[in-house]
Amino acid sequence: MAGDRTLGISTRGVGKTVLGVLAVATLVLLVTGRSARPIAAAPARADGSAGQGPSPATSAASPTSVVALARLRPAAGLIAVGVRPGVRVEEVKVKEGDPVAAGAGLAILEGRAAAQHQLDLANAQKARADRQRPPRLASAKKAAETSKRRLEEASKLYKQFGGTLQGKERYDAELALFQVEMQALKADLDLQLLEGDRGSEDAILRAQVQLAEDGLRATEVRAAGSGRVLRILVHPGELSSGTLLEMADLSSMVATAEVYQSDVPRLRVGDPAVVNILGNPVAGTVARIGSIVGKNQLTSVDPRAPRDLRVVEVTVQLVDSAVAARYVNMEVEVTIRPSGTEPAHDANAAGPGYR
C-alpha cells in the first residue's frame, strides 16, 4: 500500500516536470519566432520626409519601384562666395533672400578708401604727364633747332676769321665754338630722349593706373553669377574666415537620392520619379546615375532602420522647382519607377544612364 502511494506521487512529479519543460520550449519558440520576424518598413513621416532609408527589404517589398532618401539641392550647386581669410568686412550690401545679378556688388572690404586715393593719384599723375608732354616736346624741338643754327653760324665765322686769330683770341674763339657745339648736342639729345621715352612713359603710367584699379576692385566682392542669397556668414566689422555668404540659382532644383546598390542596375536616365516634399508630390526624371558606391549619408529617424548601407548617388531633376526652392538641403523621399528589368553585366549593357 505504501509502495503504491509512493509510485503515484513519483508519477505525478514526472508529469509536472514534463509539462514544465513543454511550457519552457513553447516560450522559447515564441520568442525566437518573434525576433526572427523581418522588420517592416516604417511609414513616411507627415512632413514628407522618408521614414526608413533604402534597403534590400524595401526593394523586396516594392519590386516595381525604388524608394530612397534624397536631399533637395540647386541644380547648379551652392555657391560659397569667399574672401581672403582675416580681412575685415566694412559693409554687406545684400540681405538674405535678395536676388542678385551677375556682377552685382555684395560687400565692401577694408582698405577701400586707401585704394581709391591710390587710383586718384595714379590718374592725376597720368593726366599731368599728358598735359606737360606736348609743350615740353615743342620746347625741346625749338631748342634743338636754335642750337643747331647757332652752331652753323659759329662754325662759319670760325672758318672765315679763325685763321687770322692768334694767341688768346684764337683760344677764346675755339672755346666759344666748342660751347656752342656742346649746347647743340645737348639740345638734340634732350629731343631724342623726349621722343623715345614717350611710349615707355605712357606704358608706365597706364600700368600704375591699372594696378590702382585692381587694388580698388580687390576691396569689393561681386557676384560671379545670378541667383539668390541664402545665408550670410559674416557681418560688417567682423573678420572673414574665408566664406562671406552662400547663394544659388534656385530656378532649377534637383533631388540627390541615395539608392541602394542592388537597385541601381534597374535605373536608367529619363526614368520617371516622384519627390515627396512636405506631403506635396513633385514630378521629376532621373538626370544622372553615379558610378561610385559609398556609405549612406542620409539616415531615417526610425531606430529600426539600417544605418550602414552601400548606396549610389542618383540625381532627379524636378519638373517644377517652386516648392523645392524654398527648402534647400531638405531631406525628402524619392520614388523612382525603373525602366530596366535586369542588371547590366558590362559597360555596354549598362545603358546611357551610367557615367
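Bear in mind that the values in this text are calculations on the coordinates, not laboratory data. Predicted, not measured: the structure shown is a model, and the values here were computed from it. Glycine also receives a Cβ, built like all others from the backbone with ideal geometry; neighbour counts cover every protein chain displayed.
Descriptive notes on the structure:
- Restriction of the trypsin sites (Lys or Arg not before Pro) in segment 59-109 to DSSP coil positions whose beta-carbon has at most 16 other beta-carbons within 10 angstrom yields Lys93, Lys95.
- Label point 7 Å beyond Cα of Gln132 along Cβ direction - residues of segment 110-125 with amide nitrogen under 16 Å: 121-125
- When Asp263, Asp249 are arranged by Cβ crowding within 10 Å, least crowded first, meaning fewest neighbours, the order is Asp249, Asp263.
- Of Lys141/Lys186; Lys126/Lys186; Lys142/Lys186, those spanning more than 20 Å from alpha-carbon to alpha-carbon: Lys126/Lys186
- Using the Cβ-Cβ distance between Ala283 and Leu78 with R0 set to 35 Å, the FRET efficiency works out to roughly 0.90.
- Inter-label distance, nm, simple model (7 Å from Cα along the C-beta direction), Glu110/Tyr327: 4.3
- Spin-label pair Thr243-Lys159: with each label point 7 Å from Cα along the Cα-Cβ axis, the two points sit 8.7 nm from one another.
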